[in-house]
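The values are calculated or read from the model by the stated rules, or taken from the named source; none is laboratory data. Note that the structure is predicted; figures quoted are calculated from it, not measured. All Cβ positions, glycine included, derive from the backbone under ideal geometry; neighbour counts span all protein chains shown.
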């Protein structure tokens with residue numbers, strides 16, 4: 001296991017150095033999009049405009065929290081998911097299936113996205129700055145870090161479910177990036193969305209719940225929605241593992 005992890009890191013760093021120009025551009029673009037989101041938030045709250053129940057700083061916490069979770073997902077899984085899309089459709093999963101390690105994890109964990117590490121560090125520092133303005137406790141800070149990780153895992157399992165469906169439906173290739181798009185769409189206070197959207201993306205597919213959970217925690221503390229959120233995360237993980245096992249049985253190698 002340790003040897004595999006070392007190999008993954010070594011390969012990822014080598015790829016980063018080979019394609020460093022592209023990596024730097026990716027880093028800069030992600031940073032620009034983050035700045036645009038923060039500037040947009042400043043516009044939302046300029047000239048005495050406001051979102052009821054929200055301050056500008058709380059909005060910035062929401063934006064940086066979602067971005068931190070997304071970058072953690074990107075660091076460990078985005079490259080693997082992009083390749084998994086093609087591997088399923090083209091029958092190139094043989095390499096991971098013959099290894100003495102879980103194919104579920106190896107199929108998506110073969111590469112580290114180095115630029116996302118730098119994006120995460122910058123965004124995480126900004127998140128800490130905004131959190132300090134709320135005078136949070138050490139306990140709250142620990143919980144928020146746990147929520148960042150669990151939200152990154154939520155992005156992962158939902159993406160994994162979407163990609164696993166390619167074992168049965170080739171035409172769903174476009175689902176590869178839909179979860180990231182939905183999380184970006186939902187990185188806003190949930191109260192600005194119509195009730196029907198809130199109900200779907202809180203109670204069925206908990207994307208709005210995931211993006212707003214830190215702000216809910218800072219306002220109201222730990223409540224029942226925490227338990228519901230973690231239960232849904234476990235349920236989606238179990239579903240993704242189940243679909244993966246079924247998909248592997250259906251898989252046909254190109255070799």
- Name, by its number, the condition in (1) part of a helix (DSSP H, G or I); (2) at pLDDT below 85; (3) touching a helix residue (DSSP H, G or I) at 6+ places or on another chain (Cβ under 9 Å) that does not hold for residue 171. (3)
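If you check residue 77 against the conditions, is it more than 21 Å from residue 237 (Cβ to Cβ) and at pLDDT 90 or above?
Details: more than 21 Å from residue 237 (Cβ to Cβ): no; at pLDDT 90 or above: yes.
Considered against the rule, which asks whether it is more than 21 Å from residue 237 (Cβ to Cβ) and at pLDDT 90 or above, residue 77 comes out as no.
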- Message: Let me confirm something: among 222, 213, 239, which residue is touching a helix residue (DSSP H, G or I) at 6+ places or on another chain (Cβ under 7 Å), surrounded by fewer than 17 Cβ atoms within 10 Å (Cβ to Cβ) and either closer than 28 Å to residue 56 by Cβ or touching a residue at least 24 places away in the same chain (Cβ under 8 Å) (or both)?
- Response: 239
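Condition check ((1) modelled with pLDDT under 80; (2) touching a strand residue (DSSP E or B) at 6+ places or on another chain (Cβ under 7 Å); (3) under 22 Å from residue 177 (Cβ atoms); (4) surrounded by fewer than 20 Cβ atoms within 10 Å (Cβ to Cβ)) across all residues:
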position	(1), (2), (3), (4)
5	yes, no, no, yes
13	yes, no, no, yes
33	no, no, yes, yes
36	no, no, yes, yes
39	no, no, no, yes
89	yes, no, yes, yes
93	no, no, yes, no
102	no, no, no, yes
- Note on the structure: With criteria (1) under 18 Å from the mean Cα position of the chain (by Cα); (2) more than 26 Å from residue 81 (Cα to Cα), residue 177 comes up short on (2)
- Query: Just one of the numbered conditions (1) buried (at least 21 other Cβ atoms within 10 Å of the Cβ); (2) assigned to a helix (DSSP H, G or I); (3) touching a residue at least 40 places away in the same chain (Cβ under 8 Å) is not true of residue 108; which one?
  - Reply: (2)
- Message: Of the residues 103, 107, 111, only one is more than 30 Å from residue 216 (Cα to Cα) and more than 18 Å from the chain's Cα centre (by Cα); which?
- Response: 103
- Message: Checking residue 208 against (1) surrounded by 16 or more Cβ atoms within 10 Å (Cβ to Cβ); (2) touching a residue at least 40 places away in the same chain (Cβ under 8 Å), only one condition comes out false. Which one?
- Response: (2)
- Message: Being closer than 20 Å to residue 41 by Cβ and out of contact with any strand residue (DSSP E or B) (no Cβ under 6 Å at 6 or more places or on another chain) is true for just one of 219, 195, 250. Which residue is that?
- Response: 219
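For the condition part of a helix (DSSP H, G or I) and surrounded by fewer than 20 Cβ atoms within 10 Å (Cβ to Cβ), what is the one hit in 125, 179, 136, 155?
Details: 179 fails: surrounded by fewer than 20 Cβ atoms within 10 Å (Cβ to Cβ); 136 fails: part of a helix (DSSP H, G or I); 155 fails: surrounded by fewer than 20 Cβ atoms within 10 Å (Cβ to Cβ).
Being part of a helix (DSSP H, G or I) and surrounded by fewer than 20 Cβ atoms within 10 Å (Cβ to Cβ) holds for just one of 125, 179, 136, 155, which is 125.
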- Output for Cβ contacts, cut-off 8 Å, separation at least six or different chains, first residue within 16 Å of residue 75 (Cβ to Cβ) in the stretch 17-43, second at pLDDT below 80 and part of a helix (DSSP H, G or I), reads 23/16
